[in-house]
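Chemist: Please see the structure below; I have some questions.
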Amino acid sequence: MSDAGYHTTRLAYDRKREVLWAALSEYYFSKFIRPDFHVLELGAGYANFINNVRCASRTAVDLWPQMPNYAAPGVMARVGSVTDLGFLPDASVDLAFASNLFEHLTKDDFATTLAQLRRKLKQDGTLLILQPNYRRAYKEYFDDYTHISVYSHVSLCDFLAANGFQILECSAGFLPFSVKSGLPVSRALIRLYLASRWKPLAKQMLVRARIDSR
């Protein structure tokens, strides 16, 4: 996201995001990441996810020119479009992650990004996507003026399958819509929320996929 105004209005810096992503990394995403991995974050923003990842190699990509200022030491920060991952060697990424990204892209750009990932992911590499589920968040979805594409957990999985990915996991309701939802943000509560089968206000979906080798 290269719109400077967006990061002072809709996506202004919020310390609560750091608490959220530190907890998510420790209590959930760490189970998918080995110490020897190369992890790529697409649309990294304030780099909250990638900064909390513990692995051998970390790469963050975003159009926002200020993103490298937020990346932790050891993170390779690349300012550029997620549709062009040519700077990465082929078959070099173990896990790619995108949070609240693809609803900001056209379907053509999304398809281009997936084509890039099919080359950059290792054979057993995975793609994790976290973003609003329109079925659950239709009232708030277009409060963000940069949202241009609509996905539910069904259409997102179908789009991935149509573009060469096999779905490994799909959670229609994984997290609340945003840190602005009104729920308190603390590591202890996030841990309980992740472990609970009952997830109030869970309007963000989580999809895990890999390259379809069939």
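Chemist: Could you grab me the full set of residues in the stretch 86-115 that are among the acidic types (Asp, Glu) and surrounded by 16 or more Cβ atoms within 10 Å (Cβ to Cβ)? Reasoning before the result, please.
Modeler: The first filter runs over the stretch 86-115 and keeps only residues among the acidic types (Asp, Glu), leaving 90, 94, 103, 108-109.
Hits for the stretch 86-115 are Asp94, Glu103, Asp109.
Chemist: Related question: In the stretch 116-214, which helices (runs of 4 or more DSSP H) lie fully inside it and hold 3 or more residues that are surrounded by 20 or more Cβ atoms within 10 Å (Cβ to Cβ) and over 18 Å from the mean Cα position of the chain (by Cα)? Full working, then the answer.
Modeler: Numbers: elements: 134-137, 153-162, 187-195.
By residue number, no helices (runs of 4 or more DSSP H) qualify.
Chemist: Please work out which residue is surrounded by the fewest Cβ atoms within 10 Å (Cβ to Cβ), limiting yourself to the stretch 36-54 and to residues that are of a type outside the set (Val, Ile, Thr) and closer than 24 Å to Ala195 by Cα. Working first, answer last.
Modeler: Narrowing the stretch 36-54 to residues of a type outside the set (Val, Ile, Thr): 36-38, 40-49, 51-52, 54.
With closer than 24 Å to Ala195 by Cα added as a condition, the list becomes 48-49, 51-52, 54.
Values: Asn48: 21, Phe49: 26, Asn51: 21, Asn52: 19, Arg54: 13.
Taking the candidates together, the pick is Arg54.
Chemist: Another question about this same structure. If you check every pair at least six apart or on different chains, which have Cβ atoms under 6 Å apart with a residue in the stretch 167-184 that is more than 8 Å from Lys203 (Cα to Cα) and at pLDDT below 75 first and a residue that is in a loop (DSSP other than H, G, I, E, B) and not polar (S, T, N, Q) second?
Modeler: Close Cβ pairs satisfying both conditions: Val179/Asp14; Val179/Val185; Ser181/Leu201.
Chemist: Of all residues in the stretch 16-68, count the ones that are more than 24 Å from Asp90 (Cα to Cα) and without any contact (Cβ under 8 Å) to a residue 12 or more places away in the chain.
Modeler: Residues that pass the stated criteria total 1.
Chemist: What's the total number of residues in the stretch 152-173 that are hydroxyl-bearing (Ser, Thr, Tyr) and out of contact with any strand residue (DSSP E or B) (no Cβ under 7 Å at 6 or more places or on another chain)?
Modeler: Total satisfying the criteria: 2.
Chemist: Can you tell me which residues in the stretch 77-123 are touching a Lys or Arg at 6+ places or on another chain (Cβ under 7 Å) and free of Cβ contacts under 8 Å to residues at least 60 places away in the same chain?
Modeler: First, the residues of the stretch 77-123 that are touching a Lys or Arg at 6+ places or on another chain (Cβ under 7 Å): 85, 87-88, 90-94.
Matches in the stretch 77-123: Leu85, Phe87, Leu88, Asp90, Ala91, Ser92, Val93.
Chemist: Further question: Residues in the stretch 21-61 that are over 14 Å from the mean Cα position of the chain (by Cα), in a loop (DSSP other than H, G, I, E, B) and small (Gly, Ala, Ser): how many?
Modeler: Qualifying residue count for the region: 1.
Chemist: I'm told Ser2 meets every condition in (1) assigned to a loop (DSSP other than H, G, I, E, B); (2) hydroxyl-bearing (Ser, Thr, Tyr); (3) modelled with pLDDT of 95 or more except one. Can you identify the failing condition by its number?
Modeler: (3)
The values are calculated or read from the model by the stated rules, or taken from the named source; none is laboratory data. Please read all numbers here as calculations on a predicted model, not as lab measurements. Please note: Cβ atoms are built from the backbone with ideal geometry, for glycine as well, and neighbour counts cover all protein chains shown.
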